[in-house]
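Colleague: One structure, pasted below without further comment.
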Amino acid sequence: MNTRRFFEAMNEVSDKYYEEAANYASKRKSRGWLKDGYMAACLVVMLAAAIYALPNFLGQHGITNPNNPNGTVVDDPTNPGSSVVDKTADVINMNEVAELPQMLLPNLSEDTLIRKSSEEMFEYYGIDLADRLTAIGTFTEQGELHPHGFYFDGTFDLNWFAYASEDGTQEVLICIGKNTRAGEYLNSWYQSGASKSKIDGTEMYLCRYKDTSETCYYAVFELNGCELYVESFTADESGFVSMLKAIAAD
């Protein structure tokens, strides 16, 4: 029975009440569609919330976010419930070389030297090599290969620092320059076609020379506006990487 027939059967309801009843039925039908619209909107909101929460869920479970493949998402210990991207993972690509590099230097006469202490040079470079090496043990500076300071009226600022561990089993030689680039004075250190490594966030060329009697590890990299050459004949690969991590640490 539709609305008109129902009220006609009652025979006591005027046209006014019929029209009101018809309008009421129409409103109820409209509200039904409105209710369906509310439900659809709720589903959209729930879906959006799930998509938004997914990266955090992945982060809290140590899963690599597909939108950020350059690092692993890990828990942030300083802010529980949040996550950060770990970009500190080392990448080691050891380049095997057939010969050791040689340092081809100009004539470093002390007549042209403005002498400085190791501490003064570290302040100039903005890198305290002695302090950084303490992260892996007690290292003492050995005799100078060349007096520390600036040569040629201050235009040549390349310096060498040799360190040995307290027990004498580990030795490392570090050549560093700010305006004078160490790599430019190295002959045959194998840059062409070499693979880069990344240690403690610093890109570098890491090489190994090995013959029947000795093994030498060395690296060339930039740090704090300086270029460094680091070598060791006594460290094994893991020990040399530890030295580089200590030197390159923020």
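Colleague: Given the protein chains as shown and a 1.4 Å probe, how many square angstrom of THR138 are accessible, to the nearest 10?
Modeller: Ignoring ligands and nucleic acids, THR138 comes out at about 80 Å².
Colleague: Let me ask another. Report Rg(Cα)/(2.2 N^0.38 Å) for the stretch 106-206, keeping two decimals.
Modeller: Here the Cα radius of gyration is 1.17 times the empirical estimate.
Colleague: Another one. Antiparallel versus total DSSP beta bridges in the stretch 131-250: what percent is that, nearest 5?
Modeller: Around 100 percent of the beta bridges assigned by DSSP in the stretch 131-250 are antiparallel ones.
The values are calculated or read from the model by the stated rules, or taken from the named source; none is laboratory data. Please read these numbers as outputs of a predicted model, since none were measured by experiment. Surface areas here come from the heavy atoms of the whole protein model, side chains and all, with no ligands, DNA or RNA. Shrake-Rupley method; radii C 1.70, N 1.55, O 1.52, S 1.80 Å.
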